[in-house]
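Asker: Have a look at this one before I ask anything.
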Amino acid sequence: MQPDADISLYKKELRKRMLAKRRALSVINTKIKNGKFFSKYIKELDIYKKSSKILAYLAMEGEPDLDEFIRYALIDGKSVYVPVCVDKQNMFAARINSFEDLEIGMYDIRTLSYPYEIAKPDEIDLVLIPSVACDLRGNRLGMGKGYYDRYLTEIPYKKRIAVIWSFQVIHNVPIDKFDRKVSKIITEKGEIL
Ligand SMILES: Nc1nc2c(c(=O)[nH]1)N(C=O)[C@@H](CNc1ccc(C(=O)N[C@@H](CCC(=O)O)C(=O)O)cc1)CN2
Ligand SMILES: Nc1ncnc2c1ncn2[C@@H]1O[C@H](COP(=O)(O)OP(=O)(O)OP(=O)(O)O)[C@@H](O)[C@H]1O
């Protein structure tokens, strides 16, 4: 079954608007090492402290940068994974040991080159999720290809945390039956959900 056509169109328009905003702000954001805002808050979370396998992400332009967090978590003894897109719909969690192993992959996002070690979704303790917008009910809008929506079907609600700029928290994110909620939102101002 196809998701509701009106919702799908509304999502598309909202995504376009929010990405334009993010692009405009990324000019400012890239001038400051933006990652430090976020790692400070993530490190303090109970769920971070209890996790041994964490799926983070390698930021695209305008997204909160988790590089500093990933470096910290590796030193802290965590196993850290990043998304590897294996086709146009699905991604795997591949283990990152060093930033030197990265290359540019699909959608111009940094990724690991094969061979990499994969963790199954049920082994992952925490997923830090890039998003285009979220609302305070935990609904999220992504890049529109469904990679995370598919992946998150195998990740329990409590383990899903969105990492976004505070301007990306909006009143109401339109949802369809495939959308998976997040249990927490971290912004540069701290934990807001
Ligand atoms: N850092 C990061 N990694 C991620 C995601 C993400 O949102 N952020 N993804 C989350 O799903 C997956 C990749 N999904 C993507 C889906 C669509 C486009 C895309 O349409 N890109 C446009 C440019 C969009 C823009 O910035 O205006 C393009 O390639 O032309 C990119 C990534 C897996 N890895
Ligand atoms: N679990 C799923 N099974 C089948 N199709 C799905 C699933 N999740 C999402 N889709 C499909 O993927 C497409 C993109 O979905 P949607 O617009 O909700 O993505 P998004 O939440 O913006 O992106 P992402 O999940 O990549 O961050 C839609 O056509 C949707 O129906």
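What follows is calculated from the coordinates using simple rules that are stated; it is not laboratory data. In this text the structure is predicted, and so the values were computed from the model without any measurement. With ideal geometry, Cβ positions are generated from the backbone for all residues, glycine too; neighbour counts draw on all protein chains shown.
Asker: Kindly state, to the nearest 0.05, the FRET efficiency for CYS85 paired with HIS171, given R0 = 22 Å and r defined as their beta-carbon distance.
Answerer: Between CYS85 and HIS171 the formula returns 0.10.
Asker: More than 25 angstrom separation, counting every C-alpha pair in the chain; what % is that?
Answerer: Summing the P(r) of the chain above 25 Å gives 31 percent of all pairs.
Asker: Still on this structure, I have one more. With contacts defined as alpha carbon pairs under 8 Å and 6 or more residues apart, what's the relative contact order of the chain in percent?
Answerer: Over the chain, the number comes to 21 percent.
Asker: List the residues of region 153-183 whose backbone N lies under 19 Å from a point placed 7 Å from the Cα of LYS40 along the Cα-to-Cβ direction.
Answerer: Under 19 Å, as judged by backbone N against the label point of LYS40, lie 163-168 of region 153-183.
Asker: In terms of the ratio Rg/(2.2 N^0.38 Å) built on C-alpha atoms, what value belongs to region 107-170?
Answerer: 1.23
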